[in-house]
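Below is one structure; the comments refer to it alone.
Derivation of every value follows stated rules applied to the coordinates shown; laboratory data play no part. The structure presented is a predicted model; accordingly, all values stated were derived computationally and were not measured. Please note: Cβ atoms are built from the backbone with ideal geometry, for glycine as well, and neighbour counts cover all protein chains shown.
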Amino acid sequence: MKNIAVLISGGGSNLQSLIDSVESGKIKARISVVISSRKGVYGLERAKRHNIPAYCIQKRDFLNDKDFDKALLEKLKEYEIDLVVLAGYLNILSPQIIAEYENRIINIHPSLIPSFCGKGYYGARVHQAVIDYGVKITGVTVHFVDEGADTGPIILQKAVDVKDYDNADSLAERVLNIEHEILPKAVALFVEDRLLVDGRVVRIIEN
């Protein structure tokens, strides 16, 4: 059974969707550890409620990025992690960690990449940018992580209509519902060895 690490920075609603999918058998793997970049966030409490080891590893506690990377990598290796899932994790992973887990790090982004993504596009900023630009469709993207910002091969996407009455908050709520739907699907495909990365293209192997 594959071991999953979920990296968070906040409340952990996407973490909860993964926990629920594991417990229901939809994801045939175990969440072996949860790591937060911030202390005191509710996502850590979610993990503890489901008896999942949970840690806070934040950059400010280390003298430099190298020491931080070492601590994070050691924790992942301690739990023999097969897949790293970034579920609202706001730190940028180092090239060393990305290389160590090539095509084994999944991120979720609240837009249809390559629109409204990259440096500076996270959280509510994404939804406000969608509203300001006036697009009619946004959505959710799950992708593998490479050394760029939101540039890795795309695994799954799903569209969300932008309504005339939407503001950033109302749009974010509907987008989040889709995040909770497709992130567990992408993780399930990975643990079932049904994702084939061919350059920029991710092919889904049928059962």
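Here the residues SER13, SER36, ranked from fewest to most Cβ neighbours within 10 Å of their Cβ, fall in the order SER13, SER36. At q = 0.07, 0.14, 0.15, 0.17 Å⁻¹, what base-10 log of I(q)/I(0) does the Debye formula yield for the chain when every alpha carbon is treated as an equal point scatterer in vacuo? Log10 I(q)/I(0), no solvent term: -0.20, -0.82, -0.94, -1.21. Rounded to the nearest 20 debye, the dipole size of the chain about its Cα centre is 320 debye, using +1 on the Cβ of Lys and Arg and -1 on the Cβ of Asp and Glu. Put simply, the convex hull of the Cα atoms in the range 1-101 casts, on average, a shadow of 5.9 nm². Per-residue extension of 0.36 nm, minus the Cα-Cα distance of TYR79 and ALA124, leaves a gain of 12.9 nm for this segment.
Using r as the Cβ-Cβ distance of LEU63 and VAL197, and R0 as 41 Å, what FRET efficiency do you calculate, to the nearest 0.05? About 0.70, to the nearest 0.05. The modelled label-to-label distance between ARG104 and ASN91, using points 7 Å beyond Cα along the C-beta direction, is 1.9 nm. The alpha carbons of the range 6-57 give a radius of gyration and a Dmax of 10.2, 30 Å, in that order. Most simply put, the range 1-101 has about 0% antiparallel DSSP beta bridges, counting only bridges with both residues inside it. The convex hull defined by the C-alpha atoms of the range 85-207 has an orientation-averaged projected area of 7.4 nm².
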